[in-house]
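The values are calculated or read from the model by the stated rules, or taken from the named source; none is laboratory data. Just so we're clear, the structure is a prediction, and the values are computed from it rather than from any experiment. Please note: Cβ atoms are built from the backbone with ideal geometry, for glycine as well, and neighbour counts cover all protein chains shown. The protein model used for the area step is the full one, side chains on, heavy atoms only, and it has no ligands, DNA or RNA in it. Shrake-Rupley method; radii C 1.70, N 1.55, O 1.52, S 1.80 Å.
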Amino acid sequence: MLKALYDYASRHDLIPPPGYVEKTVKAYVSLSTYDTDFAEIEMGGEKNVLCPDIGSLSNGKDKCNVLAEKRSVIFGDTSSAKSRFFWDAMRETAEYEPVIRACLNIMEKPELIEKINQKLDSHKIKVGDRIAFKVDGKAILNSDNIQNWWQEFRKQFLQSKEEVDSICMITGQPINPVATTSKITGLRSVGGHSSGDALICFDKAAFCSYGLKKAENAPVSEESFAAVKAALDSLLKEAPILSGMKFVHWYDCEIGHREDPVYQCGDFDFFKDENDDEEEEETTELEKQQKEFAAVKNADRLIQSVESGEQTAALNSNYYILLLSGVGGRIMIRRYERGKYADLQKNLQMWYQDLELINASGKASISACKLKARLIRLLKYKMSDAKKFERLKDELTGVAPSILMAILTGGRLPDTVAERALRYIRSQMLASSESGNFAGQGKNTKQKSSSSSDKRRVQIPDGRACQWLKVWLIRKKRAEGEEAFLMNAYNLEHPSPAYHCGGLMAVYAYIQQKAIEGVNAGVIQRYYASASRTPAMVLSRLARLANHHLAKLKKTKYFEDRLAELYCALGDKIPVTLNLEEQSYFALGYYQKWAELHTSKANNEMGLFSEDDEEMEQILEIEDETEMELAEDKEE
């Protein structure tokens with residue numbers, strides 16, 4: 001991992017000179033060599049600048065960074081050891097760079113210091129903000145003379161050894177390892193400290209070995225770790241947050257024309273002959289940079305397609321993924337993964353195929369949605385929840401890394417995914433049908449239904465919760481060398497009795513719905529939870545109830561045919577109890593059979609199609625689109 005980060009920094013020219021770190025300068029005190037009383041304030045830009053960093057060399061509270069430091073150190077109300085250290089270093093710097101004398105002139109004029117502080121206050125520069133100097137319009141940080149001085153000045157704090165006794169774990173070169181490493185910034189939003197967090201830290205005796213101290217237990221040179229820090233600092237800036245973790249990813253090389261989606265576009269003919277190797281060898285440096293830029297953009301799209309559903313071109317480069325968070329001033333590496341982009345695309349394609357499931361209207365597949373919107377189906381179900389996205393961090397921190405890696409590597413989902421999805425479905429199905437809310441949706445959902453349609457809507461499980469069950473079952477069986485026999489729609493040839501028990505439950509619920517309109521607590525509210533665990537006990541009771549309901553209908557052949565084919569598929573034995581896998585099959589069987597029963601085609605076959613059914617079908621068709629819009633709006 002460290003070597004991959006080091007290579008990333010080298011490839012993108014991120015490695016800073018020894019003793020330098022990129023920092024934010026809030027403001028500059030602008031001075032002049034021609035007018036000793038001139039002092040103005042210029043605000044710093046958003047872009048970080050390279051600043052001298054004493055870091056772990058300070059060895060106490062009497063030293064500070066030079067040239068760029070906090071306002072309280074440079075222009076504090078009282079003299080301190082850090083302040084004296086700063087200005088002593090500035091005096092020494094003046095011997096290398098004459099323009100520094102304009103800065104030293106400030107210390108001889110208390111009235112000028114007061115004027116500068118007033119101007120800093122007017123620009124709302126706080127005492128903890130970092131400031132630096134400009135002389136004659138040029139930042140002293142950019143002076144080559146000062147950079148040379150800093151390299152000599154910092155040597156007095158280096159604890160060098162006569163003999164090289166370690167091998168750098170990043171570069172493999174003989175080194176004198178640093179005692180402590182610089183902190184990584186960018187994790188504050190996921191538990192990190194505002195001043196940064198340690199990646200290599202051995203502050204407890206239990207973590208040390210062979211009599212080594214601190215970071216010597218994982219020896220790295222100052223230069224190599226500076227590259228790792230620069231790479232992580234850069235990557236963390238744009239890294240998205242997923243369930244309380246930063247999702248960091250990068251890649252290692254450019255791609256060829258045939259892997260670039262731009263060259264595969266049908267509107268252009270950019271393909272060269274497969275045997276034309278000379279043209280590839282003569283690629284200029286600019287073309288290489290352009291290719292790598294294309295690789296970056298397409299790799300981003302490939303990673304992000306987990307949420308968006310986009311399809312992207314296969315990439316031959318390697319990918320690297322880190323899931324990071326901050327804990328107690330240290331970096332917690334939740335997961336590290338690497339592999340080929342070609343394999344990654346294949347795994348993502350497998351993910352989309354495994355997710356394929358009919359929507360509630362029974363007409364099309366459930367539409368794609370962002371991963372966050374999908375993850376809320378693993379939270380505890382609430383009828384109205386305005387903070388569901390905030391709950392992701394608290395409830396899914398432990399399971400989210402495993403889910404993400406299963407998606408990207410094509411592996412199994414943890415069993416807790418099925419447990420959580422089933423719990424969500426049961427809670428949803430038991431929710432009051434009088435609420436008027438669609439399952440899985442909030443108060444602001446587009447509502448076009450009558451009261452009777454609202455009551456019926458709660459009787460079908462959330463489709464995306466069922467998708468979790470489908471993927472979990474398929475990958476579990478695939479890992480065991482078996483087949484899950486799960487398709488997009490209901491499969492009468494499925495070998496699982498639990499699956500067909502779910503189908504029977506859906507038919508019995510639909511019979512009641514057609515026989516008794518507007519029932520408040522129907523078959524689903526009364527029996528779904530128990531039927532999904534002990535079907536033998538419940539289905540016999542539902543069969544007796546169905547006989548009474550069928551007696552109220554004029555046309556019953558369609559229902560009788562559906563029950564007959566399901567009992568034939570079920571076999572001669574109804575399961576007494578269901579385990580986690582069988583409960584998942586039950587939920588999917590119920591969902592797919594319910595979606596099949598509620599299509600206009602099915603209603604027309606039994607001669608029971610009504611305006612309410614047509615309105616209900618239109619509502620179900622917009623369900624996925626509305627869900628996605630709500631998720632995106634909430635996230636924004």
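Checking Ser600 against (1) out of contact with any Ser or Thr (no Cβ under 7 Å at 6 or more places or on another chain); (2) over 29 Å from Lys387 (Cα atoms); (3) at pLDDT 55 or above; (4) among the small types (Gly, Ala, Ser), which test does it fail?
Answer for Ser600: the failing condition is (3).
Of these, Ala551, Ala489, Ala569, Ala564, which one is at negative phi, open to solvent by 20 Å² or more (accessible area, probe 1.4 Å) and touching a strand residue (DSSP E or B) at 6+ places or on another chain (Cβ under 8 Å)?
Only one candidate qualifies: Ala489.
With the structure loaded, tell me whether Ser72 is surrounded by 15 or more Cβ atoms within 10 Å (Cβ to Cβ), at negative phi, among the hydroxyl-bearing types (Ser, Thr, Tyr) and not in a loop (DSSP other than H, G, I, E, B) or whether it fails that test.
On the way: surrounded by 15 or more Cβ atoms within 10 Å (Cβ to Cβ): yes; at negative phi: yes; among the hydroxyl-bearing types (Ser, Thr, Tyr): yes; not in a loop (DSSP other than H, G, I, E, B): yes.
Yes, satisfied.
Looking at Ile146, Ile116, Ile100, which one is part of a helix (DSSP H, G or I), among the aliphatic types (A, V, I, L, M) and at pLDDT 90 or above?
Values: Ile146 fails: at pLDDT 90 or above; Ile100 fails: at pLDDT 90 or above.
Answer to the check: Ile116.
Looking only at region 345-358, decide whether some residue is open to solvent by 40 Å² or more (accessible area, probe 1.4 Å) and assigned to a loop (DSSP other than H, G, I, E, B).
Within region 345-358, one or more residues are open to solvent by 40 Å² or more (accessible area, probe 1.4 Å) and assigned to a loop (DSSP other than H, G, I, E, B).
Would you pick out the residues in region 75-97 that are open to solvent by 50 Å² or more (accessible area, probe 1.4 Å) and in a helix (DSSP H, G or I)?
Step one: filter region 75-97 for residues open to solvent by 50 Å² or more (accessible area, probe 1.4 Å), giving 77-79, 82, 84, 88, 91-92, 95-96.
The answer is Lys82, Arg84, Asp88, Arg91, Glu92.
Being in contact with a helix residue (DSSP H, G or I) (Cβ under 8 Å, 6 or more places away or on another chain) and modelled with pLDDT of 85 or more is the filter here; which residues of region 186-199 pass it? Give the derivation first.
Our first condition is that a residue be in contact with a helix residue (DSSP H, G or I) (Cβ under 8 Å, 6 or more places away or on another chain); within region 186-199, this holds for 186-187, 194, 199.
Those that are in contact with a helix residue (DSSP H, G or I) (Cβ under 8 Å, 6 or more places away or on another chain) and modelled with pLDDT of 85 or more: Gly186, Leu187, Leu199.
If you go through region 473-483 one residue at a time, how many are in contact with an Asp or Glu (Cβ under 9 Å, 6 or more places away or on another chain) and either aliphatic (A, V, I, L, M) or in a loop (DSSP other than H, G, I, E, B) (or both)?
Residues flagged as in contact with an Asp or Glu (Cβ under 9 Å, 6 or more places away or on another chain) and either aliphatic (A, V, I, L, M) or in a loop (DSSP other than H, G, I, E, B) (or both) within region 473-483 amount to 2.
Being open to solvent by 60 Å² or more (accessible area, probe 1.4 Å), assigned to a strand (DSSP E or B), closer than 21 Å to Met107 by Cβ and not small (Gly, Ala, Ser) narrows it down to one residue among Glu42, Glu22; which is it?
Working: Glu22 fails: closer than 21 Å to Met107 by Cβ.
Selected residue: Glu42, the only one of Glu42, Glu22 that is open to solvent by 60 Å² or more (accessible area, probe 1.4 Å), assigned to a strand (DSSP E or B), closer than 21 Å to Met107 by Cβ and not small (Gly, Ala, Ser).
Right, Glu254: farther than 30 Å from Lys47 by Cβ, among the charged types (D, E, K, R), modelled with pLDDT under 75 and not in a helix (DSSP H, G or I) or not? Let's see the steps before the verdict.
On the way: farther than 30 Å from Lys47 by Cβ: no; among the charged types (D, E, K, R): yes; modelled with pLDDT under 75: yes; not in a helix (DSSP H, G or I): yes.
Answer is no for this residue.
Would you pick out the residues in region 5-19 that are surrounded by fewer than 19 Cβ atoms within 10 Å (Cβ to Cβ) and not in a loop (DSSP other than H, G, I, E, B)?
Across region 5-19, the qualifying residues are Asp7, Ser10, Arg11.
Quick grid of which residues meet (1) touching a Leu at 6+ places or on another chain (Cβ under 7 Å); (2) among the polar types (S, T, N, Q); (3) within 21 Å of Trp150 (Cα to Cα):
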residue: Ala4; (1), (2), (3): no, no, no
residue: Ser10; (1), (2), (3): no, yes, no
residue: Leu14; (1), (2), (3): no, no, yes
residue: Pro18; (1), (2), (3): no, no, yes
residue: Ile41; (1), (2), (3): yes, no, no
residue: Gly76; (1), (2), (3): no, no, no
residue: Phe85; (1), (2), (3): no, no, yes
residue: Arg101; (1), (2), (3): no, no, yes
